[in-house]
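A short worksheet on the structure shown next.
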Amino acid sequence: MKVLVKFFVFDLPPDFADAELELPEGSVVNDVLEACLKLFEQRNVTMDVNELKTATVMVNDKWADVGDPIADGDTISIIRPMDGG
């Protein structure tokens, strides 16, 4: 199945705004995060694993947990945790 992943507030190259990922049926949000780590490695993008693992994730504009299922055609938004107060 294919999902569209959008990254928000991450310091990524301009051509890395969105990514279409191919994942096996039955995948969950955590599988998307793992696939993103592999994608970063393939594209030589340095990423703090903890930033990705602690990011806020939304599936089709609804808050999601790492164990939530995903489906073909879903849009996954990954929002970097922010510092400050």
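FYI, it's all coordinate maths here, none of it is from the lab. All figures in this text were calculated on a predicted structure; none of them were measured in a lab. Positions of Cβ are backbone-derived with ideal geometry, glycine not excepted, and every protein chain shown enters the neighbour counts.
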For region 26-85, convex hull volume per residue from C-alpha positions, Å³: 94 Å³
Signed unit charges on C-beta, dipole axis of the chain, positive-most listed residue Val66, Ala35, Pro81: Pro81
Check: the chain dipole with +1 on Lys, Arg Cβ and -1 on Asp, Glu Cβ, in debye: 120 debye
